[in-house]
1. Criterion first (assigned by TED's automatic domain parsing to the domain that holds Gly270, crowded, with 24+ Cβ neighbours inside 10 Å and β-branched (Val, Ile, Thr)) does Thr331 satisfy it?
2. Looking at (1) within 16 Å of Ala311 (Cβ to Cβ); (2) among the β-branched types (Val, Ile, Thr); (3) surrounded by fewer than 20 Cβ atoms within 10 Å (Cβ to Cβ), which one does Val204 not meet, given that it meets all the others?
3. Might you let me know whether the stretch 224-243 holds any residue that is closer than 26 Å to Gly391 by Cβ, of a type in the set (Lys, Arg), more than 18 Å from the chain's Cα centre (by Cα) and at pLDDT 95 or above?
4. Could you list all residues from the stretch 319-341 that are closer than 19 Å to Val375 by Cβ and in contact with a strand residue (DSSP E or B) (Cβ under 6 Å, 6 or more places away or on another chain)?
5. Starting from the stretch 183-205, keep only residues that are under 22 Å from Arg218 (Cβ atoms) and in contact (Cβ under 8 Å) with a residue 24 or more places away in the chain, then list their pairs with residues that are of a type in the set (Gly, Ala, Ser) and in a strand (DSSP E or B) whose Cβ atoms are within a distance under 8 Å, requiring at least 6 positions of separation or different chains.
6. Do we find that Gly89 is in contact with a helix residue (DSSP H, G or I) (Cβ under 9 Å, 6 or more places away or on another chain), under 30 Å from Leu257 (Cβ atoms) and assigned to a loop (DSSP other than H, G, I, E, B) in this structure?
7. Quick one: in the stretch 220-252, which of the residues that are over 13 Å from Val314 (Cα atoms) and acidic (Asp, Glu) is surrounded by the fewest Cβ atoms within 10 Å (Cβ to Cβ)?
8. Considering only the stretch 70-93, I want to know if a residue exists there that is under 26 Å from Thr353 (Cα atoms) and over 27 Å from the mean Cα position of the chain (by Cα).
Amino acid sequence: MTPRRGAILRSSLAVTLAALLGLSGGVLLDREVLPRDQRLAASATADAPDWALIQEAWGVVDQQYVDRSALQPQAETYGAIEGLVASLGDTGHSRLLTPPMLSAEQSLLQGEFEGIGAELEYRDGHAVILAPLDGSPAEQAGLRPGDVILAVDGVDVSDLPLDQVVERILGPAGTTVTLRLLTPASGAVREVSLTRAHLTLRNVSWQRLPGTSVAHVRIAVFSQGVSGDLRQALVEIQRQGLTGVILDLRNDPGGLLDEAVGVASQFLRGGNVLLVRDAAANEQPIAVKPGGAAPETPLAVLVNQGTASAAEIVAGALQDAGRATLVGETTFGTGTVLNQFPLSDGSALLLATHEWLTPLGRTIWHHGIEPDAAVPLAAGASLLIPDEEKGMSPAQLQTSGDGQLLAALDNLERAMGAR
């Protein structure tokens, strides 16, 4: 079965905190939804597990476990399903989405969220921040990719499954939640209180970098309409006479496959955006859409460990085509197309059925995309976003602390000067 073009390329085991959102309308870049009859037919041909053994074990737990208050049927059911998926060894990709988590995912793809605005993944047995969303409470509070969540509102969650951590963080706008976070690189532990919010995301923002002819273009998430918004931005950038673009994909958790193809196609004249490989090792190319707005504009791309899914597809396509220099850090490493199998209680199983590759056949799954120019962000420094650059002087830009952006600017200006 070939993944539909509307599929979602969600980042690996990344689960949107309803602090984050989901993506609706169309299928997630790494996801497609199968009709019920296809799901039943598929299960009918599978080898049957030892149901009697499973029932036997379930009965022993229910009858003998000493802490009777801990016997929660729904939690036990979801735990059993999560154990089944975990047995596949596809950590960070195939997973169970509970109804609240699925709802959050759907919201994000619509470009909205209610919560703290951070995407989570499960890594090495812990819930970890994949990326905070631009303008979100998580971003404003200084949450960064790689931060490990140790506790929520004073309750230790270090050993809880991801769905339980997410549901503790979810909540309505205006309410507060306190997170205890560990930064692995330094070993520092801190507590952060956040007020949940309801926000509508801006797919694309841009600003002329002070004292330059270069536009800093930021894509926050690949929700519906992002490729159209980017095209409009690029047309306006050209109208204003700017001659170079820095495409900022840092902390972008991904989104819809069609939007990834549309974004990459704005900068490419032809070829492929990605390859999709099935279980039989058959590969299907996904071609560039003709009529891009900026196929010749000098280009640099910013990436980091929060760059995932659809954002990695774009970065990989531009790198393979020799179209742009990638600056920053190795990306997250999302690499599967997930089929969404709805379950009867409103939850869903996401199972990897296809793998995506760069146009030159490079594997990204679990590896990520390495930048052409490796530039780590200095400890304590923050990413500069276009809205913060309004009214900034050239001197203020140079002292902003965003060494990745400055390195990309230097690289691009040198390349433009050599033309």
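The values are calculated or read from the model by the stated rules, or taken from the named source; none is laboratory data. Bear in mind that the values here come from a model prediction, so they are computed numbers and not experimental data. Heads up, the Cβs are rebuilt from the backbone with ideal geometry, glycines too, and the neighbour counts pull from every protein chain shown.
1. yes
2. (3)
3. yes
4. Gln319, Ala324, Thr325, Leu326, Val327, Gly328, Thr331
5. Ala197/Gly115
6. No.
7. It comes out as Glu236.
8. yes
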